[in-house]
Structure formats: structure tokens, C-alpha cells
1. Just name the residue that is modelled with the highest pLDDT out of those in segment 133-161 that are of a type in the set (S, T, N, Q) and closer than 20 Å to Gly104 by Cα.
2. For a quick check of your reading of the model, give me the residue pairs whose first member lies in segment 81-93 and is within 14 Å of Ala65 (Cα to Cα), whose second is of a type in the set (A, V, I, L, M, F, W, C) and surrounded by 14 or more Cβ atoms within 10 Å (Cβ to Cβ), with beta-carbon atoms closer than 6 Å and at least 6 apart or on different chains.
3. Taking segment 94-152, which residues are free of Cβ contacts under 8 Å to residues at least 40 places away in the same chain, in a helix (DSSP H, G or I) and of a type in the set (Val, Ile, Thr)?
4. Looking only at segment 109-140, count every residue that is hydrophobic (A, V, I, L, M, F, W, C) and within 16 Å of Val20 (Cα to Cα) and tell me the total.
5. Do we find that Leu169 is in contact with a Ser or Thr (Cβ under 7 Å, 6 or more places away or on another chain), part of a helix (DSSP H, G or I), surrounded by 14 or more Cβ atoms within 10 Å (Cβ to Cβ) and in contact (Cβ under 8 Å) with a residue 60 or more places away in the chain in this structure?
6. Just the residues that are free of Cβ contacts under 8 Å to residues at least 60 places away in the same chain and crowded, with 16+ Cβ neighbours inside 10 Å, please, taken from segment 70-80.
7. When only residues in segment 105-116 that are at pLDDT below 95 and not hydrophobic (A, V, I, L, M, F, W, C) count, which is surrounded by the fewest Cβ atoms within 10 Å (Cβ to Cβ)?
8. Would you confirm, using the coordinates I've provided, whether Pro75 is modelled with pLDDT under 95 and not in a helix (DSSP H, G or I)?
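The values are calculated or read from the model by the stated rules, or taken from the named source; none is laboratory data. Quantities reported herein were computed from a predicted structural model and do not represent experimental measurements. In this analysis, Cβ positions are derived from the backbone assuming ideal geometry, glycine residues included, and neighbour counts consider all displayed protein chains.
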Amino acid sequence: MSTSLAQHSWWLASRASGIVALALVTISVGLGLTMAGRWARKPGLPRVLTAIHEQTAMTALGAIAVHGITLLGDPWLNPGPAGISIPFTMSYRPLWTGLGIVAGYLGALLGLTFYVRRQIGPRLWRQAHRLTVVVYGLAVAHTLGAGTDASTPWMRIWLFATAPVIAVLFVARLVGARRSARRAKRVGRPTAPTPHPRTPRRQHLPELRVRAQPAISEDPA
């Protein structure tokens, strides 16, 4: 029993870290989408959610790294450095494992932008973070296509419970972004200048001529 456990220890470590990574990515993406909604604008709440969002994202990157590195010790899979670093080159289900590698790279790129927000500007940072939903989608596809726990009831319950929530939050964010864009267009649209009222024509009034009255001469007595 101990020999069998030792032979599968690397695979078990990769399996466990992959599950942790999926859970953290789900939480991080869900918090990011929640912060984009109006219900997260209460005083003090955005700061707390941002801190949790950032910490879960960075911890997820660590779990993703462990998930890939521990596969190097698996004697059965034996992917090699190229198999865990170059997408679609692993012999085991190359499509689904390749999607997982792409998700890891994209998640690392987006996660590291936390530290360059001031350099790239908040607008570009927000636009880049819209791709976090893509990371989540790729992670779910990788889990379903290559994960050994994809058919287990508890994994299906987790996916069926969280995927609709992520989808609803994502749709709400798209609707909110479109409304904001329309509102911005309306505010920035130049208004037509108000026509000046026409100056009323000068009415020609008849000239009043005062006739000279004859001087009254006093009759000297």
C-alpha cells in the first residue's frame, strides 16, 4: 500500500493542486465580476473585495504552478518540461491539457498586472481584466476534458453550482458596460445651439410734428 501511494504521490499532488487552482480561479473571477456591479459599491466593501480578489488570484497562480510542476515526477504520465510548458504537446489528451496550459499563461499575465496598474493606467487594466472570464472558461474546459475528477459527483456539483453564477455575473457586466457606453455617448454628444430670438422689427411710428404756435403779443395799453 505504501509503495503504491509513493508511486502515485506526484499524481495526487498535481490532482489536489489542480482542484485548489480551479476553486481559487472561480472565486477570484466571481469577485471580479461582482465588483463591476452596483451591489458592490457600498462604503468600504470594494476595498475588502479587491484585497480578497487579488490574494485569491495570486494564490491560484501558485496552485497552477504546483499543478504543472508535480506532473514532472509522475512516472506514468512523464510529460517532461516541454509537455507542461508548451501547449498541445503533451501526449495525454493534448487538446485539453493544452487549454489548461494556455489558461495558466493567461492567468499569470493578468495576475501580474496587479503590480503595474499605475504604469498601464486604470482603463487599460480594466480592459485586460475582462479576459479573466476566458481563464475561467479554459480552466473548466481543461478540467472536464483532462481532469480525472471530471466524472465525480462532487466535481459536477461544484461546476453546476458555480458556472451559472459566473455566467449571470458576466452577462450583467456586459449589459452594464453597454448602458454606460450609451450614457457616455449621450453626455458627450454636442447639443444643437439654441437659436437666437429674432430681433423684432423696428416699428415706424408716425412722427409727431408740433406746429409752432404764433406768439401772443401783448397790446400795450
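1. Looking at the filtered set, the residue picked out is Thr143.
2. Close Cβ pairs satisfying both conditions: Gly83/Met90; Ile84/Leu71.
3. Listed by number, the residues that qualify are Ile101, Val102, Thr113, Val116, Ile120, Val134.
4. 4
5. Taking the combined requirement at face value, the residue satisfies it.
6. Pro79 - this is the single residue of segment 70-80 that is free of Cβ contacts under 8 Å to residues at least 60 places away in the same chain and crowded, with 16+ Cβ neighbours inside 10 Å.
7. Among those residues, the one meeting the criterion is Tyr115.
8. Yes, satisfied.
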